Amino acid sequence: MIRLDIIERFRVPPGKKLRLRDYNPGWGQTKELKELGKDTIKERAKAILEKNLEELAEAQERLWADDRYAVLVVLQALDAAGKDGTIKHVMSGVNPQGCQVFSFKKPSAEELDHNFLWRYMKCLPERGRIGLFNRSYYEDVLVVRVHPELLTQQKLPPGKQGKAFWHGRYEDINAFERHLVRNGTIILKFFLNVSKQEQKRRFLERLENPEKHWKFSASDLTERGFWTQYTEAYEDALSATSTEWAPWYIVPADHKWATRAVVADILTTTIGGLDLRYPEVTEAQRQALDQARQQLMRE
């Protein structure tokens, strides 16, 4: 497992203003790690991921059997940060019946006729399951903030849409998440922190490799042009909505092996700390099981 002091470097302290430039998107998070070197850290990260995959499969089974908690994993990032790959690798050993993944695109006309949280509420995981949101209700304080013209599609009542408007949405999100946690949903939120230089490299790889052409969209370059605006929107949103009950983790994403190890470790450790138990068999059930065994033995 990753040491707690390193994990705490990624966790956004509640109530404090953050600057993304203070978070290293690479693998060298501490002087100790830098001294060990990239190759050593990469091998350790792979071992940590492999170990966590085994433990996550067991933890998910207990989560299902215990049937008291649900787990919601929120993944947010700029384009090419590795959200899809993180989901694929971190959840590779989990029983498909015990997890669900939703990727949210442009809202439909029906969804726009409801409040901005509505379409996400419909997709929340039930008790015993892990739900993953590839993008989420945070898009409505990120993309919509960077492109405020999208607000006109939401048919909101007249009113100013300045700082107070966005702080109101942060309050709505915090209240929504607090409600979920009070009712048994564990919320883990990950911002995959990719650097502008690494995003450029990944875009060029998609353009140069015919097998990855399908991953590239002209809108990717358009949105890259709003890098500064997205940075400001993320800084404000993460600062306002990282809480004790639903923390944000800023995960280094310039190296996919580091991203996957960190996300898997936090997810596995969190579920493992829930004191999950398999249902106990009552005396009456035990007697019924014994009778069933005897009946089968007589055949």
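The residue list Ala237, Ala253, Ala264 contains one member that is touching a His at 6+ places or on another chain (Cβ under 9 Å), hydrophobic (A, V, I, L, M, F, W, C) and crowded, with 22+ Cβ neighbours inside 10 Å, which is Ala264. Taken as a whole, the structure places Arg224 among residues that are surrounded by 14 or more Cβ atoms within 10 Å (Cβ to Cβ) and over 21 Å from the mean Cα position of the chain (by Cα). Checking each residue in segment 39-66 for being surrounded by fewer than 16 Cβ atoms within 10 Å (Cβ to Cβ) and of a type in the set (A, V, I, L, M) picks out Ala47, Ala65. Is it fair to say Val101 is farther than 30 Å from Leu53 by Cα and either touching a Lys or Arg at 6+ places or on another chain (Cβ under 8 Å) or not hydroxyl-bearing (Ser, Thr, Tyr) (or both)? It is false that Val101 is farther than 30 Å from Leu53 by Cα and either touching a Lys or Arg at 6+ places or on another chain (Cβ under 8 Å) or not hydroxyl-bearing (Ser, Thr, Tyr) (or both).
The residues in segment 270-297 that are in contact with a strand residue (DSSP E or B) (Cβ under 9 Å, 6 or more places away or on another chain) and of a type in the set (Val, Ile, Thr) can be counted, and the count is 2. The set of residues in segment 110-138 being within 22 Å of Tyr234 (Cα to Cα) and in contact with a strand residue (DSSP E or B) (Cβ under 8 Å, 6 or more places away or on another chain) consists of Tyr120, Leu132, Phe133, Asn134, Arg135, Ser136, Tyr138.
Quick grid of which residues meet (1) under 27 Å from Gln153 (Cα atoms); (2) within 13 Å of the chain's Cα centre (by Cα):
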site	(1), (2)
Val74	yes, yes
Leu78	yes, no
Val90	no, yes
Phe102	yes, yes
Lys105	yes, no
Leu117	yes, no
Arg127	no, no
Ile130	no, yes
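The criterion of at least 3 residues that are of a type in the set (A, V, I, L, M, F, W, C) and free of Cβ contacts under 8 Å to residues at least 12 places away in the same chain is met by the following helices (runs of 4 or more DSSP H) wholly inside segment 185-299: 283-298. Residue-level check: of (1) assigned to a helix (DSSP H, G or I); (2) charged (D, E, K, R); (3) more than 19 Å from the chain's Cα centre (by Cα), Lys17 misses just (1). Regarding segment 172-189, can at least one residue be identified that is at pLDDT 95 or above, out of contact with any Ser or Thr (no Cβ under 9 Å at 6 or more places or on another chain), crowded, with 19+ Cβ neighbours inside 10 Å and within 21 Å of Asp254 (Cα to Cα)? Checked segment 172-189: no residue is at pLDDT 95 or above, out of contact with any Ser or Thr (no Cβ under 9 Å at 6 or more places or on another chain), crowded, with 19+ Cβ neighbours inside 10 Å and within 21 Å of Asp254 (Cα to Cα). The requirement of being more than 20 Å from the chain's Cα centre (by Cα), part of a helix (DSSP H, G or I), in contact (Cβ under 8 Å) with a residue 12 or more places away in the chain and closer than 20 Å to Leu192 by Cα is not satisfied by Arg62.
For segment 4-14, the criterion of being assigned to a helix (DSSP H, G or I) and either more than 22 Å from Thr270 (Cα to Cα) or touching a His at 6+ places or on another chain (Cβ under 9 Å) (or both) is satisfied by no residue at all. Across segment 225-248, the number of residues qualifying as within 24 Å of Asn183 (Cα to Cα) and out of contact with any Leu (no Cβ under 7 Å at 6 or more places or on another chain) comes to 8. Looking only at residues in segment 189-218 that are of a type in the set (D, E, K, R) and closer than 30 Å to Pro14 by Cβ, the one that is nearest to the chain's Cα centre (by Cα) is Lys189. Residues that are among the acidic types (Asp, Glu), surrounded by 14 or more Cβ atoms within 10 Å (Cβ to Cβ) and out of contact with any helix residue (DSSP H, G or I) (no Cβ under 8 Å at 6 or more places or on another chain) occur at least once in segment 190-213.
The values are calculated or read from the model by the stated rules, or taken from the named source; none is laboratory data. Here the structure is a predicted model, which means the values were calculated and not measured. Heads up, the Cβs are rebuilt from the backbone with ideal geometry, glycines too, and the neighbour counts pull from every protein chain shown.
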